[in-house]
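Student: The structure under discussion is supplied below as structure tokens; questions concerning it will follow.
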Amino acid sequence: MIEKARILIVEDEVAIRTGLVDVFVFHGYEVDYADHGEEGLRKALSGLYDLILLDVMLPGINGFEICNQIRQQDRQQAVIMLTARTSDEDIVEGLTLGADDYVAKPFSVTQLVLRVQAVLRRSGIGERQQRQISLINGAVIDTENLCIEGTDGLFTRREIDVLQYLNRQSGRPVSREELLTKVWGYASDMDIETRTVDIHIAKLRRKIEVDPADPQVILTVRGAGYRLLVEDP
């Protein structure tokens, strides 16, 4: 018997929460929920869930703080944030705290299900045998321990997935669309507007570049995407 993926929905609006529970149960997931921040945080930190759908505006502890505490404990936990706050600052804050993706309200239920499936679909992305990435600036990324060797610099699992894919394609630039397809697992025909890739690249630059404003390791190739510069093998 195939084990069902477990989803935690943290949402205080009854109609939205009930609808999401019904939708994901229908799609074959095992679903739990919380209706306020404290309960959501307690359940989120239990380690029992494959993915957490996390509303930003919650009574008690808000979704940003919950995401922050999740990441302090588990850098690999899959998190998608649900938010009616769609300003760039709010989106950047959520992704900077380590969310894998964000979905703006009101949202298409079909698209949300596809994005949940995409985040959960990790096969062939985080290839664990690629244990080190030696960057052109001398930094060595330890992909198993999610850190820069010899430093306290830490990454999320998704950030490592991005670095690993760019490393495997280091001879050429990789487009945002390709990263969304190959790393985030979105179908190539999905019409999704998202700044997820750009924000993850900005986070990575802050962690590995000497001067993030003048990147020398992750280059932007105009009209083509991003290219990672690594040491010759």
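The values are calculated or read from the model by the stated rules, or taken from the named source; none is laboratory data. Keep in mind the model is a prediction, meaning the values are calculated, not measured. We place every Cβ from the backbone using ideal geometry, glycine too, and count neighbours over all the protein chains shown.
Quick grid of which residues meet (1) among the charged types (D, E, K, R); (2) in contact (Cβ under 8 Å) with a residue 12 or more places away in the chain; (3) under 21 Å from Thr156 (Cα atoms):
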position	(1), (2), (3)
Asp35	yes, yes, no
Gly47	no, yes, yes
Leu51	no, yes, yes
Asp74	yes, yes, yes
Ala78	no, yes, yes
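Student: Still on this structure, please answer the following. So, in the stretch 129-163, how many residues would count as being outside any loop (DSSP other than H, G, I, E, B), touching a residue at least 40 places away in the same chain (Cβ under 8 Å), hydrophobic (A, V, I, L, M, F, W, C) and surrounded by fewer than 20 Cβ atoms within 10 Å (Cβ to Cβ)?
Tutor: 2
Student: Related question: Looking at Asn167, is it in contact with a strand residue (DSSP E or B) (Cβ under 8 Å, 6 or more places away or on another chain) and closer than 28 Å to Val116 by Cβ?
Tutor: So Asn167 passes the test.
Student: Scan Gln77, Gln73 and give me the residue that is surrounded by fewer than 16 Cβ atoms within 10 Å (Cβ to Cβ) and either more than 21 Å from the chain's Cα centre (by Cα) or assigned by TED's automatic domain parsing to the domain that holds Val116 (or both). Full working, then the answer.
Tutor: On the way: Gln77 fails: surrounded by fewer than 16 Cβ atoms within 10 Å (Cβ to Cβ).
It is Gln73.
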